[in-house]
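The values are calculated or read from the model by the stated rules, or taken from the named source; none is laboratory data. Since the model is a prediction, treat every value here as computed from it, not as a measurement. Cβ placement follows ideal geometry from the backbone for every residue including glycine, while neighbour counts extend to all protein chains displayed. Note: areas computed on protein heavy atoms with side chains; ligands, DNA, RNA excluded. Shrake-Rupley method; radii C 1.70, N 1.55, O 1.52, S 1.80 Å.
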Amino acid sequence: MFSEVKKDDMTALKVINLSKTYRESTGEVHALGPVSFEMETGEFLCFLGPTGCGKTTLLRTIAGLEKPDTGKVIIPSRSGGEEPVIGYVFQQGALFPWMSIFANLEFPLKAKKIVKDSRREKVESMLEMMGLSSFASSYPHQLSGGMQQRAALARSLVMEPDLLLMDEPFSSLDTRTSQKLQENLRDLLKKASTTVLFVTHNIEEAVYLAGEIIVLGHRPGRIVRRETIDLSDPRSRVSESFTEYLVSLRKTFESLVSD
Amino acid sequence: MSLVRVILGFSLAAIFGIPIGLLMGASVHARKFLSLMVEMARPLSAIALLPLSIIIFKARTFSQLFGLEYLRYQKNLLNEMQLGMIFILFWGGVFPIILGTIQGVRSVRKMHLEAARILGAGKLSTFRHVIIPSALPDIFHGLKLGIGRCWMVIIAAEMLPGTNSGIGYLIRYSYQLSRYDIMLASIVVVAFIGALFSKGLESLGERSLVLRSKER
């Protein structure tokens, strides 16, 4: 158990007894929970679960896009007492199609009332880091799906979020592009101490990226297992330890969520 | 002459219609409050209102509205801008514009609104940078329908007694003089100009339409 002081320093996210039921004309759908967990600053936590297990609901509730029925989400404010910044990467298509890539990235900085010169500087260095410099004046529809998601990720990162929520951001891409972006993400996060909560149904993706995995069971989504992935970095998809781990996790996953 | 009248009436319709539509699209209260009025007023044909508008506005023209009485007996464009006629043009054009704008505001994708919220945009900024650009294709569609309606209304209005200029007047006058060649030529011109208006607005709106249809 953490002491009070330490908790304030390290906790990036605390979720207590969160649950959510959707009420629709066809009846009630108990989508999530109750779910409780904590995350430390700099951690990369991956929620793994089958389709329809409430992963997205969980993420949306944490982001404040949905109101929970019970429970609380606690995200500590920044050291200066500022509001914490939350980034969110949608599955796809959340870039504004009427804005250039540059304008898309500039949008959150404008909202934060950052002056023009420093906005420009931040956007340019982010584009450079993501390998998007040559697309600055392109519009989203002129980019491939992978490039679009890369730009969406860049737009979230340019805000320097305390907590980055990612909702199956690479699931709409082909395997090769998806793997490429996973590698990029890892490299980027090595430099920053961003806390990431990543949601996926792809076991390999989870094992490749995450420090820790939480397995969610079928509807209503509940935590059925939490475990640390003890693979050394950098991970390689073709190494023996990686494939071994993947296979063992796949087995447990099957048995955990099959019913 | 007809062109000037239409452009004037249509501009007024756009100036009022777009903000009203934006308001009705964005606010539930405004929509509830205004929709009954709009729905009652909308089916009223603009032509049906012409006699009424003549009663209200008399034969007043823009030159009188601006207090330029001395122009009255001179040949001047403002003398031909009868308020009543402009009013029915406004009436004909404003409803498609309002409805198009409402449709546009309401069809903004939820994900874009959520993205804007998470990216820290306030209400005003979301409205300006997200809702309006998303609504633009539908607004242009409304404008296109609006100008078509205006054009139909002006021709009919100019055929009524009390007018002595405009292409509608020309059609009626040439009919009375049995100059069917002029009449037919005028009809062709009317059709041509109507198509030109429509195409013009379409090409203006093209860019916003292209962006939306190509979005994945």
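Condition test on A:Ser36, is it at pLDDT below 80, over 25 Å from A:Arg186 (Cβ atoms) and surrounded by fewer than 17 Cβ atoms within 10 Å (Cβ to Cβ)? So A:Ser36 fails the test. Of note, A:Arg226 does not satisfy the criterion of being of a type outside the set (Phe, Trp, Tyr), in contact with a Pro (Cβ under 8 Å, 6 or more places away or on another chain), within 16 Å of A:Leu48 (Cβ to Cβ) and at pLDDT below 85. Scanning segment A:145-159 for residues that are out of contact with any strand residue (DSSP E or B) (no Cβ under 7 Å at 6 or more places or on another chain) and either more than 10 Å from chain B (Cβ to nearest Cβ) or under 18 Å from A:Leu189 (Cα atoms) (or both) turns up A:Gly146, A:Met147, A:Gln149, A:Arg150, A:Ala151, A:Ala154, A:Arg155, A:Val158.
Does segment A:215-237 hold any residues that are surrounded by fewer than 22 Cβ atoms within 10 Å (Cβ to Cβ) and aliphatic (A, V, I, L, M), and which are they?
If the condition is that a residue be surrounded by fewer than 22 Cβ atoms within 10 Å (Cβ to Cβ) and aliphatic (A, V, I, L, M), then A:Ile223, A:Val224, A:Ile229, A:Leu231 are the ones that fit.
Residues of segment B:192-215 that are assigned to a helix (DSSP H, G or I) and either within 14 Å of chain A (Cβ to nearest Cβ) or modelled with pLDDT under 60 (or both): B:Gly205, B:Glu206, B:Arg207, B:Ser208, B:Leu209, B:Val210, B:Leu211, B:Arg212, B:Ser213.
Where helices (runs of 4 or more DSSP H) fall entirely within segment A:43-131, those with at least 2 residues that are within 11 Å of another protein chain (Cβ to nearest Cβ), charged (D, E, K, R) and open to solvent by 20 Å² or more (accessible area, probe 1.4 Å) are at A:101-111. Checking every residue in segment B:21-43 against the condition of being basic (Lys, Arg), part of a helix (DSSP H, G or I), over 17 Å from the mean Cα position of the chain (by Cα) and at pLDDT 75 or above gives at least one match. Of all residues in segment B:104-128, exactly one satisfies the criterion of being touching a residue at least 24 places away in the same chain (Cβ under 8 Å) and of a type in the set (Ser, Thr, Tyr), namely B:Ser107.
Being over 18 Å from A:Asn184 (Cα atoms), open to solvent by 50 Å² or more (accessible area, probe 1.4 Å) and outside any helix (DSSP H, G or I) is the filter; apply it to segment A:132-144 and report the residue that is farthest from the other protein chains (Cβ to nearest Cβ).
My answer is A:Ser137.
The helices (runs of 4 or more DSSP H) falling completely within segment B:79-143 that include 2 or more residues that are within 14 Å of chain A (Cβ to nearest Cβ) and hydroxyl-bearing (Ser, Thr, Tyr) map to B:123-126.
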